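One structure is given below, encoded as structure tokens.
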Amino acid sequence: MSDILAVVDHRRGELRDVSYELISAGRGLADATGGDLHLAVISGTVERFAEKLDREGVDAIYTVDYGEEFNHGVYTQVTTQLYDKLAPQYVLTANSVNGIEYAPAVATELDLPIVTDAIDLEADDKTLTVTREIYGGKVETTVELEGPAICTIRTAEWPGGEGTGTADIEAFEATIDEDALGSSVRGFEEVGGGDVDIADADVLVSVGRGIDDEENLELIEDLADALGATISASRPVVDSGWLPKNRQVGQSGTVVTPDVYIAVGISGAVQHVAGMKGSDTIVAINTDPNAPIMDIADYAIQDDLFAVVPALIEEFQ
Amino acid sequence: MKILLAVTEVATVDDAFEIEGTEIPDQYLGADLNEWDEYAIEEAVQLQEADIAAEVVTVTIGPETCEQTIRQALATGADRAIRIWDEAFEAVDLLDVSTKTAILRAVVAEEEPDLVLSGVQSDDDSWGATGVALAAAVDYEWAAVVNHLAHDFEDGTASVRRELEGGVEELTTVDLPAVLTIQTGINEPRDVSLPDSPQTKRKPLEVYGLADLGLEESVAESRVRLTAMSEPERESDTTVWEGTPEETAGELADLLREREVVQ
């Protein structure tokens with residue numbers, strides 16, 4: 001009971017980056033427990049995926065050739081069966097939209113404690129210590145547990161595993177109870193197309209919850225006009241229907257890398273930051289000094305946007 | 001169709017706060033209806049207004065102070081509410097996913113809903129796991145991060161869209177009964193007026209402890225323990241401009257000129 005089992009993520013024919021990050025996170029834990037790192041790759045072109053995943057520190061890769069795309073029922077059944085076979089100490093999955101759709105079910109099926117959205121993991125021979133964020137990243141906590149557990153890791157927190165490995169790649173004969181599969185994926189759809197591709201913009205003025213009211217967007221439009229910039233937004237503004245989906249920056253929207261990103265009234269939730277941290281220069285205007293955006297920004301103004309933005313527009317008139 | 005709505009009251013924290021041990025003192029904390037749950041409530045009420053849902057029942061794990069938040073769900077249109085609390089919870093720092101799942105499982109067994117709706121996660125703790133863990137525990141089907149739900153429920157199934165990363169949606173058919181975790185933006189939650197109206201106050205709000213649900217007190221003993229709390233280390237090299245709005249706007253204007261964003 002010292003091994004680690006990490007189940008990787010893929011979608012529409014491609015392994016997702018977090019799959020390689022699971023190798024780093026899993027290897028780190030395996031070094032701490034003195035066990036092996038096993039990977040599981042379920043559905044899709046599993047042999048091709050397994051070759052790519054054979055990186056330094058991976059001891060074994062189990063492939064399950066069943067279906068093409070993620071199905072939470074299949075993932076739950078296979079992970080449960082692999083757990084029974086391998087008896088790992090810890091099971092790791094991605095804290096992705098798909099990861100959180102089966103990891104909690106595995107926890108229930110195996111009666112394991114689950115900790116989600118880990119940003120750091122430490123283990124000794126009996127205790128797992130997990131660091132996670134609460135209150136939208138304003139506070140960090142550690143939680144501890146003893147015995148086997150399942151844990152989902154935040155994407156882009158660990159480096160991707162590198163090098164070439166010598167893992168044993170083995171087809172795992174899972175028994176899929178098809179009668180128990182109560183959901184089926186009919187297809188995928190790209191959303192958020194339209195008039196503007198914010199990924200092409202050199203300068204983005206990005207507006208968040210701090211704008212308070214749809215009517216106040218006019219102020220942001222004036223600023224964007226003055227700067228010749230494109231307007232983008234964080235999730236709450238799009239959820240409110242004030243701007244269309246194609247303006248949304250973040251994990252579920254568009255990833256942008258402009259020369260200058262001006263975040264106006266945006267707190268900087270992790271899902272948002274995932275979509276803009278590659279910007280060359282980041283400026284934040286926010287009243288809350290503890291907002292995560294204030295750490296990510298290169299330049300920050302801790303003040304009311306309704307005071308600063310008009311003054312900024314004035315500068316260019 | 002009967003809908004069970006899992007409604008959470010979340011803690012909010014002031015801009016300036018302190019941490020004492022593994023707690024933030026009450027003076028820095030507020031309370032609010034979980035943002036994701038607002039959308040779940042709206043979705044349930046729309047199903048009720050379309051005569052698809054015959055009954056909408058809310059369930060909340062929390063102390064008496066959450067009743068203000070529960071009334072908000074009732075004011076939006078839910079028919080009745082269940083609140084679960086027990087002295088055993090007061091001695092523990094956190095209720096982990098297994099504990100919440102065990103509690104909600106007992107409620108589902110009692111209420112036998114066709115559809116359970118909850119928010120994807122809670123604003124404060126962000127576990128994001130209880131809905132799916134519950135579905136597996138009660139042998140319901142499920143879908144997580146749902147941002148569209150078709151209101152026809154043909155052939156005993158729900159037709160949903162799941163919001164994946166990178167602007168991609170998954171179109172999925174889910175057998176009923178099911179648990180759906182609802183993503184923000186699925187609808188436009190209405191403004192709730194009069195949570196204190198006599199009509200809302202007349203709606204039943206039942207309170208149960210662990211024993212009432214046939215559960216042992218040991219359910220409260222989570223296997224996951226909270227051991228430390230801190231403000232994240234500031235590793236950033238952010239330049240903070242200080243001064244009046246005119247001065248800070250001037251600094252930013254200079255930067256934008258320097259970067260040739262504007263002349």
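The values are calculated or read from the model by the stated rules, or taken from the named source; none is laboratory data. None of these values were measured; they are calculated from a predicted model. FYI the Cβ positions are ideal-geometry reconstructions off the backbone, even for glycines, and counts take in every protein chain you see.
I need a count of the residues in the range A:20-47 that are assigned to a helix (DSSP H, G or I), within 23 Å of the chain's Cα centre (by Cα) and not basic (Lys, Arg).
Total satisfying the criteria: 11.
Filter the range A:28-41 down to the residues that are in contact with a strand residue (DSSP E or B) (Cβ under 7 Å, 6 or more places away or on another chain) and free of Cβ contacts under 8 Å to residues at least 60 places away in the same chain, then identify the one that is nearest to residue A:13 (Cα to Cα).
If we take residues in the range A:28-41 being in contact with a strand residue (DSSP E or B) (Cβ under 7 Å, 6 or more places away or on another chain) and free of Cβ contacts under 8 Å to residues at least 60 places away in the same chain, then A:41 is nearest to residue A:13 (Cα to Cα).
Does residue A:52 satisfy the criteria of being closer than 26 Å to residue B:164 by Cα and away from chain B (no Cβ under 14 Å)? Can you show your working first?
Details: closer than 26 Å to residue B:164 by Cα: yes; away from chain B (no Cβ under 14 Å): yes.
Taking the combined requirement at face value, the residue satisfies it.
Scan the range A:72-103 for residues that are over 21 Å from the mean Cα position of the chain (by Cα) and either on the phi > 0 side of the Ramachandran plot or hydroxyl-bearing (Ser, Thr, Tyr) (or both) and report the count.
3
Residues that are among the acidic types (Asp, Glu), in contact with a His (Cβ under 9 Å, 6 or more places away or on another chain) and modelled with pLDDT of 95 or more: find the strands (runs of 3 or more DSSP E) completely inside the range B:1-88 holding 3 or more of those.
It comes to none.
Has the range A:34-57 got any residue that is among the acidic types (Asp, Glu), out of contact with any Leu (no Cβ under 8 Å at 6 or more places or on another chain) and surrounded by 24 or more Cβ atoms within 10 Å (Cβ to Cβ)?
no
Under 7 Å between Cβ atoms, which residue pairs at least 6 apart in sequence (or on different chains) link something in the range A:186-213 that is farther than 20 Å from residue A:251 by Cβ with a partner that is charged (D, E, K, R) and in a loop (DSSP other than H, G, I, E, B)?
Within 7 Å, the pairs are A:202/A:259; A:203/A:259.
In the list B:248, B:238, which residue meets the criterion of being at pLDDT below 95, under 19 Å from residue A:288 (Cβ atoms) and either surrounded by 12 or more Cβ atoms within 10 Å (Cβ to Cβ) or in contact with a His (Cβ under 7 Å, 6 or more places away or on another chain) (or both)?
So the residue among B:248, B:238 that is at pLDDT below 95, under 19 Å from residue A:288 (Cβ atoms) and either surrounded by 12 or more Cβ atoms within 10 Å (Cβ to Cβ) or in contact with a His (Cβ under 7 Å, 6 or more places away or on another chain) (or both) is B:238.
Can you tell me which of A:86, A:128 is in the same structural domain as residue A:13 (by TED's automatic domain parsing) and surrounded by fewer than 24 Cβ atoms within 10 Å (Cβ to Cβ)?
Of A:86, A:128, the one residue that is in the same structural domain as residue A:13 (by TED's automatic domain parsing) and surrounded by fewer than 24 Cβ atoms within 10 Å (Cβ to Cβ) is A:86.
Do any strands (runs of 3 or more DSSP E) lying entirely in the range B:123-219 carry at least 1 residues that are crowded, with 22+ Cβ neighbours inside 10 Å, and which ones are they?
B:141-149, B:157-163, B:168-175, B:178-182
Yes or no: the range B:180-195 includes at least one residue that is closer than 19 Å to residue B:104 by Cα and more than 10 Å from every other protein chain (Cβ to nearest Cβ).
The answer is yes; a qualifying residue exists.
Which ones in the range A:199-237 are part of a strand (DSSP E or B) and either β-branched (Val, Ile, Thr) or more than 18 Å from residue A:293 (Cα to Cα) (or both)?
Matches in the range A:199-237: A:203, A:205, A:207, A:230, A:231.
Which condition from (1) more than 8 Å from chain A (Cβ to nearest Cβ); (2) under 30 Å from residue A:180 (Cβ atoms); (3) of a type in the set (Gly, Ala, Ser) is the one that residue B:209 breaks?
Every condition holds for residue B:209 apart from (2).
Six or more apart or on different chains, Cβ atoms under 7 Å: show the pairs whose first residue is in the range A:153-180 and crowded, with 18+ Cβ neighbours inside 10 Å and whose second is assigned to a loop (DSSP other than H, G, I, E, B) and of a type in the set (Ser, Thr, Tyr).
Close Cβ pairs satisfying both conditions: A:155/A:96; A:174/A:66.
Output the residues belonging to the range A:179-198 that are more than 9 Å from every other protein chain (Cβ to nearest Cβ), within 23 Å of the chain's Cα centre (by Cα) and not in a loop (DSSP other than H, G, I, E, B).
A:198
Restricting the range A:263-317 to residues that are of a type in the set (Val, Ile, Thr) and assigned to a loop (DSSP other than H, G, I, E, B), which is surrounded by the most Cβ atoms within 10 Å (Cβ to Cβ)?
Across the range A:263-317, the extreme among qualifying residues is A:266.
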